[in-house]
Amino acid sequence: MPEIAPRAELMRSLGRLVRGLSALFWGLPLSLITCVYVATNEWVKPAHIFAPIAVTALLYYGLNQLDSFQKQERIWYEALDRAKLVALVNLGLSPFVFWYNRLPTHPFYEAALFFLLIMGLIFLFTLNHVLQRLAAMLPDETLRLETRVFGNLNITLLSAILILFILFYVLLQLPNLPDFIVRSMRLFDLIRYWLLIFLILLPLAMTMTLIWKIKEVIFASVFSHEG
């Protein structure tokens with residue numbers, strides 16, 4: 001009996017871990033597609049305000065499912081708490097996607113949408129830290145190496161994108177810029193949302209790949225122990 005109880009608890013935590021990873025795997029592309037659709041489509045109806053809320057809530061739910069695994073690991077838990085905090089902020093900002101669709105020229109809604117995009121980047125940034133910490137606790141050296149390499153690549157790409165967009169807004173505040181810079185910034189201002197979405201696709205795809213690989217390792221580990 002003493003051995004059965006810890007094993008049952010481990011299986012429950014692994015089950016929640018797999019559910020959480022599944023929610024994150026599907027929630028990432030759904031969040032991007034849904035938010036872009038609601039923000040840009042002219043046929044959006046009032047009921048669509050709940051769509052961004054639902055997909056960002058799915059990401060927050062996924063992270064909450066992970067917190068029953070290895071509670072004693074402080075570094076893992078700190079990385080998970082940071083990601084949950086960012087996910088909660090994104091959940092709170094998600095209704096502004098619909099309101100921006102209704103009033104796209106309103107400066108407050110435009111700023112809220114841009115802040116949500118930036119927080120989406122930060123969410124991917126923190127999620128890659130979570131995946132690296134999770135892979136470090138799993139018994140697969142190849143997975144740990146891949147997660148470390150591709151996770152660091154994702155973090156570097158996301159940091160570069162954040163710096164690029166912060167630099168853009170800093171330049172907007174500077175007076176007496178050369179004409180060619182002003183013209184370039186006006187063009188950049190017109191396409192900045194679509195450019196940001198395009199730049200997100202590569203780290204998003206690599207993050208989803210890492211989530212899938214971690215799920216496969218967990219399943220393989222469970223079935224090998226069952227055998």
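Of all the residues in the range 22-81, those that are under 28 Å from Arg12 (Cα atoms), buried (at least 18 other Cβ atoms within 10 Å of the Cβ) and among the small types (Gly, Ala, Ser) number 6. Filtering Leu138, Leu58 for residues that are touching a helix residue (DSSP H, G or I) at 6+ places or on another chain (Cβ under 8 Å), closer than 21 Å to Ile211 by Cβ and in a loop (DSSP other than H, G, I, E, B) leaves a single hit, Leu138.
When the range 141-158 is limited to residues that are under 18 Å from Glu216 (Cα atoms) and touching a residue at least 24 places away in the same chain (Cβ under 8 Å), the one that is surrounded by the fewest Cβ atoms within 10 Å (Cβ to Cβ) turns out to be Glu146. Of note, Ala87 does not satisfy the criterion of being touching a residue at least 24 places away in the same chain (Cβ under 8 Å), in contact with a His (Cβ under 8 Å, 6 or more places away or on another chain) and not aromatic (Phe, Trp, Tyr). Scanning the range 71-100 for residues that are touching a Ser or Thr at 6+ places or on another chain (Cβ under 7 Å) and farther than 21 Å from Ser159 by Cα yields Leu91, Ser94.
FYI, it's all coordinate maths here, none of it is from the lab. Remember, predicted model here, so these are calculated numbers, not experimental data. Because the Cβ atoms are built from the backbone with ideal geometry, glycine has one as well, and the counts that use them run over all protein chains shown.
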